[in-house]
Amino acid sequence: MVAHIHRIHRSGWLRAAVLGANDGLLSISSLTLGVASAHSDHHDILVAGLAGLVAGVIAMGAGEYVSVSSQAEIERADIEIEKYSLKHEYEQEQRELSEIYVCRGLDPELAARVAQQLMAHDAIGAHVRDEIGISAALSARPLQAALASAASFAGGALVPLLVAFFVRGAAFIPATSLLSLLFLALLGALSARVGGAPVLAGTLRVLILGALAMAITSLVGTTFGVVV
């Protein structure tokens, strides 16, 4: 028998990590390219990049924590509703669970027996999983999501920041653009591979959107920049 490897348990932290790394890389590269296109000096580019890194890490971590905490609160509220219903309307809840299994393809008699046995074993677990749709693999974990998002943002932002530290003058814009696109492609391919999605499609999606974002930001910097 071949063991199947499922990836759904990775969805929470993977989504936050991919979002953070992509946002860090794209935000800081676009920011530094925009500042450089405005004919700013090297010091201004570095300050803008570092400020963007600090602000981005805080914003990504806090935003992810608040967002996922709201999801966790909704889950807890729904679980409390189910606990109350099981305490006061046990038979009705059992019929509801049976109807769910009928809709999934079981005949009514078998569905009723399955619902009865599952509720005898773990009533709240059966309803949380099959009625509400909450599972251990997909439940909200605010701290995990916040840490993954903040750390991955910082990791992604390091690429354009390192370029800003070591590359000056006219070479900065092409160096930042090329390296950022390269790492965006690697990030897209890696996330697609880990998530079990088509690698080429994931890579092209990240590349096209990243190139568009950097081009627009550079255009803004060129348009509003002043040569001094």
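Under 8 Å between Cβ atoms, which residue pairs at least 6 apart in sequence (or on different chains) link something in the stretch 156-172 that is in a loop (DSSP other than H, G, I, E, B) with a partner that is open to solvent by less than 90 Å² (accessible area, probe 1.4 Å) and modelled with pLDDT under 90? Every condition considered, the pairs that remain are Arg168/His42.
Does any residue of the stretch 156-170 turn out to be farther than 23 Å from Asp41 by Cβ and surrounded by 15 or more Cβ atoms within 10 Å (Cβ to Cβ)? Yes, the stretch 156-170 contains a residue that is farther than 23 Å from Asp41 by Cβ and surrounded by 15 or more Cβ atoms within 10 Å (Cβ to Cβ). Here's a check for you: in the stretch 39-62, which residue that is within 25 Å of Leu207 (Cβ to Cβ) and small (Gly, Ala, Ser) is surrounded by the most Cβ atoms within 10 Å (Cβ to Cβ)? It comes out as Gly49.
State whether one or more residues within the stretch 74-97 are at pLDDT 90 or above, of a type in the set (Val, Ile, Thr) and open to solvent by 70 Å² or more (accessible area, probe 1.4 Å). No; the residues of the stretch 74-97 include none that is at pLDDT 90 or above, of a type in the set (Val, Ile, Thr) and open to solvent by 70 Å² or more (accessible area, probe 1.4 Å).
This table checks each residue for (1) part of a helix (DSSP H, G or I); (2) under 22 Å from the mean Cα position of the chain (by Cα); (3) modelled with pLDDT under 85.
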| site | (1), (2), (3) |
| --- | --- |
| His9 | yes, yes, yes |
| Ser29 | yes, yes, no |
| Val35 | yes, no, no |
| Ala55 | yes, yes, no |
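Taken as a whole, the structure leaves Ser69 outside the set of residues that are out of contact with any strand residue (DSSP E or B) (no Cβ under 8 Å at 6 or more places or on another chain), open to solvent by less than 70 Å² (accessible area, probe 1.4 Å), modelled with pLDDT of 90 or more and closer than 21 Å to Ala151 by Cβ. Restricting attention to the stretch 100-114 and to residues that are in a helix (DSSP H, G or I) and within 34 Å of the chain's Cα centre (by Cα), the residue that is surrounded by the most Cβ atoms within 10 Å (Cβ to Cβ) turns out to be Tyr101.
If I ask for residues that are surrounded by fewer than 19 Cβ atoms within 10 Å (Cβ to Cβ) and under 11 Å from Val18 (Cβ atoms), which ones from the stretch 183-196 would you list? Scanning the stretch 183-196 gives Leu190, Val194, Gly195.
The values are calculated or read from the model by the stated rules, or taken from the named source; none is laboratory data. Bear in mind the structure is a predicted one, so any value in this text is a computation, not a measurement. Quick reminder, even Gly has a Cβ in these numbers, built from the backbone with ideal geometry, and neighbours come from all protein chains shown. Side chains included, ligands, DNA and RNA excluded: accessible areas come from the protein's heavy atoms. Shrake-Rupley method; radii C 1.70, N 1.55, O 1.52, S 1.80 Å.
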